[in-house]
Structures are given as C-alpha cells and as structure tokens.
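Read through the structure below, which is laid out as structure tokens, and then see the notes.
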Amino acid sequence: MRWTIKRRLFGLTISGLLFIAAVSASGYWGITSVEKATSDVAATASAIRYHIEAGVYNDLTRADLAAVFSSKGDEQRNKVDAFAQDGKLLQDRLAKARQFAVDAPSRSMLDAEQQMADQYLKTGGSLVSAVVHDTSQAASQLGPYLQLYKDLQGKIEETSDQLAKSAKEAERGADAKGARAIQATFVMCGISLLLLLVVAVRTTLSITRPLDSFASQFRAMAEANDLTSRVDQSRKDEFGGLGSCLNLFVDKVQELLVQIVQTAKGLASASGELSATSGLSRSNHY
C-alpha cells in the first residue's frame, strides 16, 4: 500500500480520534466506578439509618406490651393498637434496611433478623391477646416473648456492627476506586499524548523532509540553468508524482529548445545561401 501524504494525514486524524476515544473510555470507566462506589456508600448509610429505626421500634413494641399489662379499658386498647402499629414499622424498617444493604453478609443477617422479627411479633401478638382476653395464659407466654425480644435485640446489635463494617469497607472501596480512576485517566492521557506526538512528528517529518529536498533540487536546477538535471521521482507518494511531472515538463522544454536551436541553425544556413546567391547574381549582371 502506498503511504501517500493524504493517507498519512488521514491516519493522523484517525489516530487522534482513537486516542480521544481511549481517553474518553477511561474517563467514563472512572466516572462510573466512582459513581458505583459512591452509590454503595449512600445505600449502606441508608441501610444503617433504617436499621437504627428498626431497633427503636423494637424497643417501642416492648414498651407498648408492658403498657398493655398495666392499663385498662380504652387506654389498653390504644396500647394494643400502638403495639400493632410499631410492629408494622419494625418490619417495614427491616425490609428497607435489607433493600439498601449492598454486601452479602449484611443481607444474610438482615434476612435472619426479619424472620426473628416476624416470630417475635407473632408471639407478642399472642401475648397481647392473652392479656386482653385471658390473663391466666399471659404469664406462661411472657417468658418466651421476653426471650425472643432479647434474641432479636442481640441480633439487631450484631447486624448493626456488620453494617458499620460494611460502611467502612464501602468508604475504603470508594476511595480506592477514585484513586485508581484518577490514576488510570492520567496514565491514559499521558500515553495518548505521547503516542499522538510520536505519530504527528513522524507524519510531519515524512512530509517536510521530502518537500525540502524537492525544493532544494528544483532551486539548484533554476540557479544553474541546467536542463539536464532531474529531481527525484522515485518516491511512491505525491512528491514522486510531482517530480515526475516536473521532469516531464523539463524534458519538453529541453526538446522545445533543441528544436528552436535547430530551426535557428537552419534559418542561418538558408540566410547564408540566400546572401551568396544574391551576390553571385549581381556579379553576373555587371
């Protein structure tokens, strides 16, 4: 394939576009990596917040049930409703914490915690019903309920520790990904600029060097008035084609000058013969 000037310039343009695409791709990768890491940090923070609220509602359910024991009439019914409402909020906050958890250990622990919460609320509901309708059965159910509350509270604390650990890991991961993204972007920019500079310099030299050589050869021909010299036409690019055209033009000029010289010689010879004939005619006349 002939590497003409047009192809070199086109290749330089393509190289520049490829380097820009590479830098853009590394920048996009860096942005998406940092965005993902930041999203994980935010999601873990939301999971911690909802889990803390779940612990608060767990304490409220115990307080509501204790109030059911100590109250009567409308106040007792209000506390029963409060227990049911706080129990729903407890389940809701645990579900949202599970939704926002990003690491497998935290999700697994929250799944187990949700199951314990369901069992705890079911036992608490039975205890509340016994307190309201059949007080004699309430005493036997109080022990299992308190044990479930204690187990759930311990599980909540254990999961809180895991979520806090996950938050720290997410922050470290975000910092590491951000640093890697910045480093990768700078490295890609440096490599792209270096390669583009090399390609641009080589392309420029491949054009300017033969152009200077061609100009110097043509200038030497003009200064010496030498029509026998020829410029280099061996290159397989536009300079070779231009040199071939110039050499052809010089050949034609040389041929034209030779014809002019030959015509001038013929005219001179004819003029001499004509002068001799004219002199001979005058001599004979006298």
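A few notes on this one:
- Exactly one residue out of Ala22, Ala47, Ala42, Ala37 is without any contact (Cβ under 8 Å) to a residue 12 or more places away in the chain and touching a helix residue (DSSP H, G or I) at 6+ places or on another chain (Cβ under 9 Å), and it is Ala42.
- Filter pass, Gly55 being assigned to a helix (DSSP H, G or I), touching a residue at least 40 places away in the same chain (Cβ under 8 Å) and either outside the structural domain of Leu121 (by TED's automatic domain parsing) or farther than 20 Å from Arg172 by Cα (or both): yes
- Unmet criterion (only one of (1) surrounded by 14 or more Cβ atoms within 10 Å (Cβ to Cβ); (2) without any contact (Cβ under 8 Å) to a residue 24 or more places away in the chain; (3) more than 30 Å from Ser46 (Cβ to Cβ)) for Ala139: (1)
- Selection within segment 139-160 - of a type in the set (A, V, I, L, M, F, W, C) and more than 16 Å from Ala63 (Cα to Cα): Ala139, Ile156
- Of all residues in segment 4-44, those satisfying the criterion of being surrounded by fewer than 15 Cβ atoms within 10 Å (Cβ to Cβ), aliphatic (A, V, I, L, M) and farther than 15 Å from Gly178 by Cα are Leu9, Ile14, Leu17, Leu18, Ile20, Ala21, Ala25, Ala42.
- Selection status of Phe186, under 30 Å from Ile20 (Cα atoms), free of Cβ contacts under 8 Å to residues at least 12 places away in the same chain and out of contact with any Gly (no Cβ under 9 Å at 6 or more places or on another chain): yes
- Test: residue in segment 107-116 that is surrounded by fewer than 18 Cβ atoms within 10 Å (Cβ to Cβ), assigned by TED's automatic domain parsing to the domain that holds Gln76 and either on the phi > 0 side of the Ramachandran plot or touching a residue at least 40 places away in the same chain (Cβ under 8 Å) (or both): yes
- Test: Ser126 is over 21 Å from Leu60 (Cα atoms) and of a type in the set (Gly, Ala, Ser): no
- Residue match in segment 91-105 (condition: touching a Lys or Arg at 6+ places or on another chain (Cβ under 7 Å), outside any helix (DSSP H, G or I) and closer than 22 Å to Arg49 by Cα): yes
- Residue in segment 264-273 that is outside any helix (DSSP H, G or I) and at pLDDT below 80 present: no
- Unmet criterion (only one of (1) buried (at least 18 other Cβ atoms within 10 Å of the Cβ); (2) more than 27 Å from Ile182 (Cα to Cα)) for Ser70: (1)
- Number of the exception - Val102 against (1) in contact (Cβ under 8 Å) with a residue 40 or more places away in the chain; (2) closer than 30 Å to Glu169 by Cα; (3) loosely packed, with under 15 Cβ neighbours inside 10 Å: (3)
- Of the candidates Gln217, Gln162, the single residue that is part of a helix (DSSP H, G or I) and in the same structural domain as Phe69 (by TED's automatic domain parsing) is Gln162.
- The one condition in (1) among the β-branched types (Val, Ile, Thr); (2) touching a residue at least 24 places away in the same chain (Cβ under 8 Å); (3) surrounded by fewer than 16 Cβ atoms within 10 Å (Cβ to Cβ) that Thr208 fails to fulfil: (2)
The values are calculated or read from the model by the stated rules, or taken from the named source; none is laboratory data. Just so it is clear, the structure is predicted and the values come from calculations on it, not from any experiment. For neighbour counting, all protein chains shown are included, and Cβ atoms are generated from backbone atoms with ideal geometry for every residue, glycine included.
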